[in-house]
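Engineer: Structure in structure tokens, see below.
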């Protein structure tokens, strides 16, 4: 969990989870194997922030706990530690993929709240990838594209060139800055 601001309650006193993790000894952890990986975990169950009962797994890759722990939260306290880790390991690829789609493909404003919107979202994603890949393959010799990321970078640069040309044209034609910003839909 990136940027974890969780407080757990030890004897009713709030304690920041990252601070708490520094006091855990290796003999207080249990090895848990998920897939090919073995983690050394400490399981806290109890009050977390405003949740009355949840689980935080503190997981280290190294047996001596010399690396930074990962913190995994589950509101289903009935799940075994190995199940929480297994679910999280499977979900990780989904999280990374969604972050990429939102940041790189500009889908950060898209709301997924129904089956229809989910279907539309994935249709947009696959159509975008199909377009980028077809463009990459058909222009790979002249533009030297190797990856879809190269193609995406090309389109971003072209978009910036279009904006610069438009701004230059407006300046040549005496269009005021406020009018230009209005035409671009940018608040001053």
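The values are calculated or read from the model by the stated rules, or taken from the named source; none is laboratory data. For clarity, every value in this text was computed on a predicted model and none was experimentally measured. Cβ atoms come from the backbone with ideal geometry, glycine included; neighbour counts cover every protein chain shown.
Engineer: Just give me the residues in region 64-115 being surrounded by 14 or more Cβ atoms within 10 Å (Cβ to Cβ) and closer than 30 Å to residue 148 by Cα, in sequence order.
Structural biologist: Passing the criteria: 87, 88, 89, 98, 101, 104, 105, 107, 110, 112.
Engineer: Against the condition more than 30 Å from residue 148 (Cα to Cα), at pLDDT below 90 and surrounded by 18 or more Cβ atoms within 10 Å (Cβ to Cβ), how does residue 55 come out, does it pass?
Structural biologist: Here the answer is no, as residue 55 does not meet what is asked.
Engineer: Residue 79 versus (1) in contact with a helix residue (DSSP H, G or I) (Cβ under 9 Å, 6 or more places away or on another chain); (2) assigned to a loop (DSSP other than H, G, I, E, B); (3) outside the structural domain of residue 59 (by TED's automatic domain parsing): which is the lone unmet condition?
Structural biologist: It is condition (3) that residue 79 fails.
Engineer: Confirm whether residue 46 is surrounded by 14 or more Cβ atoms within 10 Å (Cβ to Cβ) and either touching a helix residue (DSSP H, G or I) at 6+ places or on another chain (Cβ under 7 Å) or at positive phi (or both). Don't jump to the end; show me each part of the working.
Structural biologist: Numbers: surrounded by 14 or more Cβ atoms within 10 Å (Cβ to Cβ): yes; either touching a helix residue (DSSP H, G or I) at 6+ places or on another chain (Cβ under 7 Å) or at positive phi (or both): yes.
Here the answer is yes, as residue 46 does meet what is asked.
Engineer: Right, here's the next one. Scanning for something under 30 Å from residue 101 (Cβ atoms) and either surrounded by 10 or more Cβ atoms within 10 Å (Cβ to Cβ) or under 31 Å from the mean Cα position of the chain (by Cα) (or both), does region 173-182 turn up at least one residue?
Structural biologist: Yes, the conditions are met somewhere in region 173-182.
Engineer: Suppose we filter region 27-50 for residues that are without any contact (Cβ under 8 Å) to a residue 12 or more places away in the chain and over 25 Å from the mean Cα position of the chain (by Cα); how many remain?
Structural biologist: Matching residues across region 27-50 total 1.
Engineer: Let me ask you something else. Suppose the filter is modelled with pLDDT of 90 or more, more than 23 Å from the chain's Cα centre (by Cα) and surrounded by 14 or more Cβ atoms within 10 Å (Cβ to Cβ); does residue 131 pass it?
Structural biologist: So residue 131 does not fit the description; no.
Engineer: Further, regarding this structure: Just checking, which of 75, 147, 81 is farther than 30 Å from residue 20 by Cα and over 19 Å from the mean Cα position of the chain (by Cα)?
Structural biologist: Only one candidate passes the filter, namely 147.
Engineer: Restricted to region 116-125, and to residues that are exposed (fewer than 13 other Cβ atoms within 10 Å of the Cβ) and more than 19 Å from the chain's Cα centre (by Cα), which residue is modelled with the lowest pLDDT?
Structural biologist: 117
Engineer: Where in region 1-51 are the strands (runs of 3 or more DSSP E), entirely inside, with at least 3 residues that are within 22 Å of residue 83 (Cβ to Cβ) and at pLDDT 90 or above?
Structural biologist: 37-48
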